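Participant: What follows is a single structure, and I will ask about it in a moment.
The values are calculated or read from the model by the stated rules, or taken from the named source; none is laboratory data. Values in this document were obtained by computation on a predicted structure and should not be read as measured data. FYI the Cβ positions are ideal-geometry reconstructions off the backbone, even for glycines, and counts take in every protein chain you see.
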Amino acid sequence: MKTQIERSERIALIAHENPDTDALASLVSLKKIIERNFDNKVVDIFAQTDKLDEINKPLLKEDTLNARRAEIYDLAISLDTPNLKRLGIYEEIFTSAKDSAQIDHHNTNEKFANNNLVYFTSSTSEIIYLIAKIMKLKISDGICKAIYAGMITDTANFTQGAKRKTTIGVINDFFNRKLELDKIAEYYFKNNSISKNKLLEKAIHSMKFYFDGGLAIMKLNKQDFLDVGAKAGDEEGIVNQGINTKGVNIACIFIKRDNNLYYISMRGKGGANVASIAQKFGGGGHETMAAFTYQGNLMDIKSNFFKECYSELKGCKERVNDENLFFDDVDENITSK
Ligand SMILES: [Mn+2]
């Protein structure tokens with residue numbers, strides 16, 4: 001990738017449509033890393049979006065999204081995107097570029113670039129830090145903080161998604177830099193608007209349980225958003241309320257937008273692989289967090305969807321017996337294994 005960057009003058013970084021915090025943090029941090037470590041580069045960042053979530057505005061303080069300065073780019077790097085389709089209208093920039101690469105952390109990744117840096121971990125932001133460190137590039141404190149934002153938001157503050165030894169190593173580096181990490185976590189997780197809370201109330205009200213309480217489904221439609229003055233993006237994280245429930249191994253929320261267009265966000269625990277369900281409906285993600293979009297009448301996929309959820313629930317590991325959570329029968333008096 002270093003060679004690819006060195007021999008390219010005009011570089012496009014493209015993330016998935018409706019970019020989340022990890023996607024935006026990946027775009028701006030890699031842009032800044034390239035601009036500050038390589039001479040004479042034009043780096044443009046792209047992600048298809050109707051409206052950016054208010055909460056991510058500080059990430060884009062210095063960089064403009066979707067300002068195209070070249071017809072054909074020498075190099076396009078896809079970020080945080082498991083397949084070409086998820087690049088939305090900017091797929092064309094990627095496919096027309098003279099060379100291509102990608103950095104992603106989804107295990108459903110389709111390896112569609114000339115150079116695929118795909119590593120199953122917390123976030124794409126984490127991988128960008130790891131790559132920059134391996135390349136011995138200069139990384140500012142500001143970039144580290146943006147990377148941390150990507151890491152915590154993609155893992156619900158390290159409670160789901162993927163974690164690796166490298167994840168802990170990156171946090172260790174950030175501690176050594178004495179960054180105010182709690183401030184970033186507070187900004188993203190203790191900052192819900194009143195309208196978002198009211199939307200949560202509506203979602204909880206809609207929650208229904210199936211298969212002996214193993215599956216929880218919530219629903220929100222456009223009117224629900226209007227009723228409480230909620231903005232697009234306010235639905236983010238609400239699905240966790242379902243999976244946080246005792247006995248629930250699959251939780252989903254169906255968000256109905258215009259023209260029978262649904263966004264379905266899913267969470268799994270206890271071994272239920274929601275990525276494999278989402279994939280069957282054209283989406284993707286991680287074992288514990290996944291999503292897909294669906295256009296049409298829900299009745300057409302209902303029985304299939306329930307069937308897929310049921311087959312994942314059947315394969316769930318037995319739940320941890322509370323009594324044996326810390327000290328199981330084979331616990332021995334040793335200091336390390
Ligand atoms: Mn991500």
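Participant: Could you list all residues from region 58-68 that are aliphatic (A, V, I, L, M) and part of a loop (DSSP other than H, G, I, E, B)?
Facilitator: Within region 58-68, just Ala67 meets the criteria.
Participant: Where in region 205-278 are the strands (runs of 3 or more DSSP E), entirely inside, with at least 2 residues that are within 18 Å of the chain's Cα centre (by Cα) and more than 26 Å from Asp322 (Cβ to Cβ)?
Facilitator: Strands (runs of 3 or more DSSP E) meeting the threshold: 250-256, 261-268.
Participant: May I ask you to say which residue of Leu59, Leu52 is modelled with pLDDT of 95 or more and in the same structural domain as Asn114 (by TED's automatic domain parsing)?
Facilitator: When all the criteria are applied, what remains is Leu59.
Participant: Give me the pairs: first residue in region 131-157 and free of Cβ contacts under 8 Å to residues at least 60 places away in the same chain and within 30 Å of Glu287 (Cβ to Cβ), second residue away from the ligand (no atom under 16 Å from the Cβ) and basic (Lys, Arg), beta-carbon distance under 8 Å, and six or more apart or on different chains, which are they?
Facilitator: Correct list of pairs: Cys144/Arg177.
Participant: Here is a follow-up. Would you pick out the residues in region 73-107 that are among the polar types (S, T, N, Q), farther than 19 Å from Ala291 by Cβ and in contact with a helix residue (DSSP H, G or I) (Cβ under 7 Å, 6 or more places away or on another chain)?
Facilitator: If the condition is that a residue be among the polar types (S, T, N, Q), farther than 19 Å from Ala291 by Cβ and in contact with a helix residue (DSSP H, G or I) (Cβ under 7 Å, 6 or more places away or on another chain), then Ser100 is the only one that fits.
Participant: A further question follows. May I ask you to say which residue of Gly150, Gly161 is under 15 Å from Ile103 (Cβ atoms) and either in the same structural domain as Ala272 (by TED's automatic domain parsing) or within 16 Å of the ligand (Cβ to nearest atom) (or both)?
Facilitator: That would be Gly150, the only listed residue that is under 15 Å from Ile103 (Cβ atoms) and either in the same structural domain as Ala272 (by TED's automatic domain parsing) or within 16 Å of the ligand (Cβ to nearest atom) (or both).
Participant: Of the residues in region 115-145, how many are in a helix (DSSP H, G or I), within 13 Å of the ligand (Cβ to nearest atom) and small (Gly, Ala, Ser)?
Facilitator: Result for region 115-145: 1.
Participant: Ala156: in the same structural domain as Arg36 (by TED's automatic domain parsing), under 21 Å from the mean Cα position of the chain (by Cα), closer than 25 Å to Leu30 by Cβ and more than 16 Å from the ligand (Cβ to nearest atom), yes or no?
Facilitator: Taking the combined requirement at face value, the residue does not satisfy it.
Participant: Then there's this: Does Asn197 meet the test of being out of contact with any Cys (no Cβ under 6 Å at 6 or more places or on another chain) and outside any loop (DSSP other than H, G, I, E, B)?
Facilitator: Taking the combined requirement at face value, the residue satisfies it.
Participant: Taking the conditions exactly as written (surrounded by fewer than 23 Cβ atoms within 10 Å (Cβ to Cβ) and away from the ligand (no atom under 16 Å from the Cβ)), does Asp20 satisfy them or not?
Facilitator: Taking the combined requirement at face value, the residue does not satisfy it.
Participant: Of the residues Ala251, Ala230, which single one is surrounded by 12 or more Cβ atoms within 10 Å (Cβ to Cβ), in contact with a Gly (Cβ under 6 Å, 6 or more places away or on another chain) and assigned by TED's automatic domain parsing to the domain that holds Lys202?
Facilitator: So the residue among Ala251, Ala230 that is surrounded by 12 or more Cβ atoms within 10 Å (Cβ to Cβ), in contact with a Gly (Cβ under 6 Å, 6 or more places away or on another chain) and assigned by TED's automatic domain parsing to the domain that holds Lys202 is Ala251.
Participant: Let me ask another. Consider Ala290 against the criteria (1) outside any helix (DSSP H, G or I); (2) touching a helix residue (DSSP H, G or I) at 6+ places or on another chain (Cβ under 6 Å); (3) more than 24 Å from Asn107 (Cβ to Cβ): it satisfies all of them except one. Which criterion is unmet?
Facilitator: Every condition holds for Ala290 apart from (3).
Participant: Mind listing whichever residues of region 69-95 are buried (at least 21 other Cβ atoms within 10 Å of the Cβ), more than 19 Å from the chain's Cα centre (by Cα) and not in a helix (DSSP H, G or I)?
Facilitator: Tyr73, Leu75, Ala76
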